[in-house]
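Report on the following structure.
Rule-based calculations on the coordinates, nothing more; no lab input. Note that the structure is a prediction, hence the values are computed from the model and not measured. When we count neighbours, we look across all protein chains shown, and the Cβ atoms used for this are built from the backbone with ideal geometry, even at glycine.
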Amino acid sequence: MNIILLGPPGAGKGTQAKMLVDKYGIPQISTGEILRANLKAGTQLGLEAKKYMDAGKLVPDEVVIGIINNRIQEEDCRRGYMLDGFPRTVAQAQALDKILAEQGSGIDDVISIEVADHELMGRLTGRRTCRQCGQGFHVMFDPPKVEGICDKCGGELYQRDDDNEKTVANRLKVYSDQTQPLIDYYKKKSLLRSIDGVGDIKEIFGRVVKVLG
Ligand code: ADP
Ligand code: ADP
Ligand code: ZN
């Protein structure tokens, strides 16, 4: 079960991915989370990536392709995985196809979570993220039981540096310029499963599970 979660920033990819991990027991691979973990650990990769992330730009393709190539070869990926936030460009998608073809494997489903642009700004500026486990919350739409504390692991919640209005505006532009073309890319391969991403989080999860069968 190799799945891609596609959709604009704020569509709910991370939220749905965390629920899918619990249901299917396959790992979520988020390039954004891996980059933030590198930044926290102070690696060269993290420091390089920060410049792009703070500006709402994409980290160079070679960097994220290298991350994914290594990560999907780890033991816990043998039964499948979910890619969250990768690929984000046609070049990344082509590189992924090549890597998987060489392994005799491939993508089974691309879940495209559809949310209109005007919903996304409020979702992202109100997002709070767990420093420890990466779980996302929302100050209004999905508040934690105790303010500032992660329900799942007790970690501290924070607001990501790039979840401010100016950077979000850039990220939405980058999405429509560079990532949206992937919808057509996967439609042509008959892998695209589109899902309405507006509504109750649990209801949307039901839609995703139904599509995955
Ligand atoms: P992505 O990973 O696609 O960028 P997230 O899963 O982090 O998106 O969700 C972005 C924000 O929107 C988070 O604060 C999350 O709690 C909230 N959110 C997720 N799904 C919904 C939904 N169906 N309705 C309202 N808010 C949502
Ligand atoms: P969101 O949850 O809003 O979709 P992510 O956590 O997926 O955000 O990504 C945060 C930032 O990390 C992006 O704005 C970009 O700078 C970088 N990034 C993550 N994944 C990729 C990727 N596949 N290609 C290039 N840059 C990426
Ligand atoms: Zn947590």
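Among residues of segment 28-44 that are aliphatic (A, V, I, L, M), those with a Cβ under 9 angstrom from a residue that is part of a strand (DSSP E or B) and crowded, with 18+ Cβ neighbours inside 10 Å, sequence gap 6+ or separate chain, pair up as 29/81; 29/82; 29/83; 29/84.
For residue 49, are the conditions met, namely being away from ligand 1 (no atom under 16 Å from the Cβ), aliphatic (A, V, I, L, M) and surrounded by 15 or more Cβ atoms within 10 Å (Cβ to Cβ)? Yes: the conditions hold for residue 49.
Annotation note: of 129, 125, the sole residue that is within 18 Å of residue 165 (Cβ to Cβ) and either among the hydrophobic types (A, V, I, L, M, F, W, C) or touching a Leu at 6+ places or on another chain (Cβ under 7 Å) (or both) is 129.
Consider segment 142-166 and keep the residues that are within 17 Å of the chain's Cα centre (by Cα) and within 14 Å of ligand 1 (Cβ to nearest atom). The one that is nearest to residue 53 (Cα to Cα) is 162.
Every test in (1) of a type in the set (Val, Ile, Thr); (2) more than 24 Å from residue 109 (Cβ to Cβ); (3) more than 9 Å from ligand 2 (Cβ to nearest atom) is passed by residue 72 save one, and that test is (2). Applying the criterion of being aliphatic (A, V, I, L, M) and within 14 Å of ligand 3 (Cβ to nearest atom) to the residues of segment 111-165, the residue that is surrounded by the fewest Cβ atoms within 10 Å (Cβ to Cβ) is 146. Taken together, 134, 126 contain a single residue that is among the small types (Gly, Ala, Ser) and either in contact with a Phe, Trp or Tyr (Cβ under 6 Å, 6 or more places away or on another chain) or over 29 Å from residue 77 (Cβ atoms) (or both), which is 126.
How about segment 14-26: which of its residues are more than 16 Å from ligand 3 (Cβ to nearest atom) and either surrounded by fewer than 18 Cβ atoms within 10 Å (Cβ to Cβ) or basic (Lys, Arg) (or both)?
Selection gives 23, 24, 25.
Within segment 19-44, the set of residues being at negative phi and more than 12 Å from ligand 2 (Cβ to nearest atom) comprises 19, 20, 21, 22, 23, 24, 26, 27, 40, 41, 43, 44. Among the residues of segment 97-122, those that are among the charged types (D, E, K, R), outside any loop (DSSP other than H, G, I, E, B) and under 27 Å from residue 2 (Cβ atoms) comprise 97, 98, 102, 109, 114.
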